[in-house]
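Accompanying notes for the structure given below.
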Amino acid sequence: MKKILNFTVGFIGLLSFIIISAHMGLAQSVQKNNEIGKPIPSEVQKITEKSCKNCHYEPGRLLALAKLNLSKWDTYPHEKQAAKSKAMYNEIWKNDMPPKKFRKKNPGAIPTPEDVKTILDWAKSMQPAKK
Ligand code: HEC
């Protein structure tokens with residue numbers, strides 16, 4: 001019985017240690033990432049408002065907002081903005097965004113080749129400088 005008790009206490013101790021260290025690691029990374037990023041430049045916003053607004057700005061579509069909420073862009077930390085801007089370019093470049101059905105119904109909202117280039121230049125400028 002004592003053995004089991006010792007084991008349990010030890011196990012709980014170990015578990016708390018793991019949780020606390022994970023928590024501290026997380027707190028640290030949150031602190032590191034806490035630096036708020038930059039607003040979307042107006043030339044990019046023109047495109048996102050034309051092509052992405054129905055879904056990626058609030059109230060939009062829940063599924064779309066969960067992945068990319070452009071209404072909350074200004075609260076995204078730098079690293080998240082870097083990743084999301086890249087994802088936005090990738091989606092547009094592959095013609096995955098805006099979605100096919102939406103393109104069919106809203107041909108005017110399809111990004112032009114110049115739009116795609118604008119998004120690419122912006123996404124590149126958002127990536128952290130290589131050291
Ligand atoms: C008609 C609604 C609609 C429009 C318009 C739209 N999206 Fe989306 N988007 C979605 C939905 C729904 C999802 C989540 C499901 C998915 O990934 O397919 C999504 C997901 C995404 C993702 C995340 C992909 C991933 O897998 O992580 C990115 C990035 C994205 N959209 C960018 C854009 C950009 C940029 C535009 C405008 C050029 C745009 N979307 C326009 C509906 C839309």
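Near the amide H of Y76, within less than 5 Å, lie the amide hydrogens of G37, all on another chain or at least 5 residues away, with H placed in the peptide plane.
One quarter of the convex hull surface built on the alpha carbon atoms of the chain amounts to 12.3 nm², the projected area averaged over directions.
Taking L70, L15, L62 in turn, the Gaussian network model of the chain (Cα-Cα springs below 10 Å) assigns the largest fluctuation to L15.
Springs between Cα atoms under 10 Å define the GNM used for the chain, and in it the highest mean-square fluctuation of K86, K50, K104 occurs at K104.
Remark: spin-label model distance W93-K72 equals 2.6 nm, labels positioned 7 Å along the Cα→Cβ axis.
Helix content alone sets the calculated 222 nm mean residue ellipticity of the chain: runs of n ≥ 4 DSSP H residues at -39500 (n - 2.57) each, divided across all residues, give -21000 deg cm²/dmol. Identify which of A66, A87, A109 has the largest mean-square fluctuation in a Gaussian network model of the chain, with springs joining Cα atoms closer than 10 Å. Highest fluctuation among the options: A66. Taking all Cα pairs closer than 8 Å and separated by 6 or more residues, the relative contact order of the chain comes to 25 percent.
The numbers here are math on the coordinates, done by the rules we state, and not lab data. These numbers come from a predicted model, not from an experiment. Neighbour counts are summed over all protein chains in view; Cβ atoms, including those assigned to glycine, are modelled from backbone coordinates with ideal geometry.
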